[in-house]
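Structure first, commentary second.
None of the figures in this text is laboratory data; all of them are computed from the coordinates on show. Quantities reported herein were computed from a predicted structural model and do not represent experimental measurements. Cβ: placed from backbone, ideal geometry, glycine included. Neighbour counts: every protein chain shown.
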Amino acid sequence: MRRTILLAPILFLSFHAIAQSTVSILLKPDRVFDGEQVFTNYWVLVDSGKITAVGAAGSFAVPKNCSTIVLKGQTLLPGLIEGHSHIFLHPYNETKWEDQVLKESRAERNARAVNHLRATLKAGFTTTRDLGTEGLMYDDVGMKIALMKGIIPGPDLITSTRAIVATGSYAPVSPSPDVTLPQGAAEADGVAGLVHEARTQIGKGADFIKVYADVPWAPGKRASPSFTEAELKALVDAVNSSGRYVAAHAVTAEGMRRAVEAGVKTLEHGDQGTREVFELMKAKGVGYCATLAAAEAYAEYAGWVKGRDPEPASVTEKKVSFKLAVDIGVKICMGGDVGVYAHGDNAREMELMVEYGMKPLDVLKATTSVNADVFGIDQKAGRIRTGLPADILVVEGDPSVNIKQIRNVRLVLKNGTAVK
Ligand SMILES: [Zn+2]
């Protein structure tokens, strides 16, 4: 039965030799990025879904029945890790967020997610961390089970289920105060309320908990904090006790400060981050998903044409705060808020990280080993290392020099099976 599960995702394979293989595969690319650095003249051996040897050409024994694949001019990397996705959302210029939450059926949204997951995997992202189902309750957990059973192809899914917001703070918002609309996240308040909601979500299968540390409170308003520091601390304490962590949405300096002081593991967005708060993040080792691509996508949906129009304040703010975080030495994760823009276009965030001031090699690290370490999945993903699952991406050229090459996908292996 194990083999059935292993072979089930081979629905659209294009790499015949690998797909039907249960023998070892020796991959010989021009270079290997192992999650930390780039090596030339390196080989990688894959067997039974795992990486079984990595090293300089000829430095390890190669089994007799091994298939060899020469990847001329290509770079082999660990499967990429998307740090901030919403698999149940699709670009807001197709359908506004409110309409997705209120007018699309659960079946439609789940059907879309199946496509989104396939597109993510084919783009070379073999793991994705989902930051909230936006009205779909615990369906990310159901989707994760379907992926694990091999019913649908896709990346490993790290789930947060519903996300937690303060009562009255989130959306959709009815124009009439007499009408309460279904919400895109779970409302909870006070120490007892937050702890109860977090434990409920953990019981339903959340791998981590997402909390909104600040929100606009009403459409069109600037964000302000949603929870007190005492509430956030109690939440983090309860979640950490279960062996999980908290990720905080925060755009204001005060929302960020409260979340970081409370002990969250990752911080999402951070648009208005100041020197003080980024220094605090660095001191506490908090991972930062800046979601640059979402900020540009929002601006584009509002009519901005990049390269033609003057840069909107929201994009400038993002550029300045991101560069500040990089210069201060904050632990930079890669997470773009994909779903706001198209799934499969995940590389957009990596390109913007370079455009806004990070070195391509550091962006590759952020998207592999750093994300794996911060999310606590370093024993499963993020490096080309003996013993890890063979989640492997091969691209044309050298993305450590030109990040755009990350889009020129030649091969994706998920647990040693070719999916592209
Ligand atoms: Zn998000």
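Quick notes
- Taken over the Cα atoms of segment 186-300, the convex hull encloses 110 Å³ per residue.
- Sum of -39500 (n - 2.57) over DSSP H runs of 4+, divided by residues of the chain (222 nm, nearest 500): -9500 deg cm²/dmol
- Each Lys or Arg adds one and each Asp or Glu takes one away; over the other residues whose Cβ falls under 14 Å from the Cβ of Val305, this sums to -2.
- For Gly263, neighbours were defined as the other residues whose beta-carbon sits under 14 Å from its Cβ, and their charges (Lys and Arg +1, Asp and Glu -1) total +2.
- The mean sequence separation of alpha-carbon pairs under 8 Å and at least six residues apart, normalised by the residue count of segment 80-375, gives a relative contact order of 19 percent.
- Taking the empirical scaling 2.2 N^0.38 Å for compact globular proteins as reference, segment 80-375 has a Cα radius of gyration ratio of 0.93.
- Peptides 81-90, 259-268, 323-332 ordered by packing proxy, namely the average of other Cβ atoms within 10 Å per residue, highest first: 81-90, 259-268, 323-332.
- Over segment 82-143: Kirkwood hydrodynamic radius from C-alpha pairwise inverse distances, Å: 11.9
- In nm, spacing of pseudo-spin labels at Ala283 and Ala218 (7 Å Cα→C-beta vector): 3.7
- Taken along the Cα-to-beta-carbon direction at a fixed 7 Å, the label points for Arg385 and Ser174 span 5.2 nm.
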